[in-house]
Amino acid sequence: MTRLLVIANALAGSAREEAVEQALDVLRSGSDDVEVAELDPETIPDVLKTHPDHRPVVMGGDGSVHLLVATAQTLGLLDGPAFEFGLVPLGTGNDLARTLGLPLDPARAASVVLNGRPRDLDVLVDDAGGVVVNAVHLGVGAEAGRRALPLKPRLGKLAYPVGSAVAGASAGWKLRVTVDGAVLAGGDRRSLMVALGNGVTIGGGAPVAPSASPDDGHVDVVVSFSTGWQARLAFAVALVRGRHPERHDVLSARGHAVTVSGGPVPLNADGELSELAGTRTWTVLPHALRIAVPD
């Protein structure tokens, strides 16, 4: 019998509550043992330890998945066999779900949790104790996310492009980037954005790493030097189409370990906002996760 541990946001509004109930109806129809827990950073560690034989099912977005996987890492659950979980995408952007082809309808997504095929996923771990499931990016995209945060309750998915427009005035940051020891950006030029993509998109569908695959054992790295106002505009248009790697002022690479030095610069890891000042290295942990995806 499949035992499920549903992790949902108890503070969500009525529309989210309805979506959660729709998904729960489907999950309960396929399992005799469905436990429900609150999406709370303080209680999730104990919840996971109390239900070791239940498969977690996240009802939320990339930030919710990030919290679950970060907690699993802290508990040592990424050190052994692949950590299994399910996802019903109820976030604003749902970028990991987009990469995996998960349905955005809650009932259909719950059906995939029960009946989908397993797919292994890589994760990125950094030397500051962090973890990334979908993508980490530094620079204008992270600044856009910071500015979009207070706009989300009113604008929803429109918050990110509005935040991007406001953040677009940045002159860039001098960042040194190496991929598997090879220099991709020397830090002598200002970068508009540095992105590390395990998944393909950020911001609700912008294909920042269009060639990324979350289970190939590599991370895709993109560095944009498009800092002039005309170049920023052209880069933004190309980014929406996934054509930005073709630009002369964009460099890309693929590897196992990425080091970024410089800052202070805004940083966004799976929607979690912070800042880098100094040096940080991200390393791919292959096939650390397993998730149900559509057949």
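Computed quantities for the displayed model
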{"item": "Members of region 25-46 found to be surrounded by 18 or more Cβ atoms within 10 Å (Cβ to Cβ) and not in a loop (DSSP other than H, G, I, E, B), listed by number", "result": "Val26, Leu27, Ala37, Ile44"}
{"item": "Matching residues, region 270-295, being of a type outside the set (A, V, I, L, M, F, W, C) and closer than 23 Å to Gly116 by Cβ", "result": "Asp270, Pro286, His287, Arg290, Pro294, Asp295"}
{"item": "Residue count for region 156-212, restricted to those that are at pLDDT 90 or above, among the polar types (S, T, N, Q) and within 19 Å of Arg232 (Cβ to Cβ)", "result": "1"}
{"item": "Residue among Val57, Val69 that alone is under 17 Å from the mean Cα position of the chain (by Cα), part of a helix (DSSP H, G or I) and closer than 22 Å to Asp215 by Cβ", "result": "Val69"}
{"item": "Odd one out for Ser64 among (1) at pLDDT 95 or above; (2) within 22 Å of the chain's Cα centre (by Cα)", "result": "(1)"}
{"item": "Total residues in region 192-238, condition in a loop (DSSP other than H, G, I, E, B) and either of a type outside the set (Gly, Ala, Ser) or touching a residue at least 60 places away in the same chain (Cβ under 8 Å) (or both)", "result": "20"}
{"item": "Region 82-94: number of residues that are at pLDDT 95 or above and over 20 Å from Leu24 (Cα atoms)", "result": "2"}
{"item": "Region 206-230, subset surrounded by fewer than 18 Cβ atoms within 10 Å (Cβ to Cβ) and in contact with an Asp or Glu (Cβ under 7 Å, 6 or more places away or on another chain), residue nearest to Glu143 (Cα to Cα)", "result": "Ser211"}
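The values are calculated or read from the model by the stated rules, or taken from the named source; none is laboratory data. What you are looking at is a predicted structure, and each value in this text was computed from that prediction instead of being measured. Positions of Cβ are backbone-derived with ideal geometry, glycine not excepted, and every protein chain shown enters the neighbour counts.
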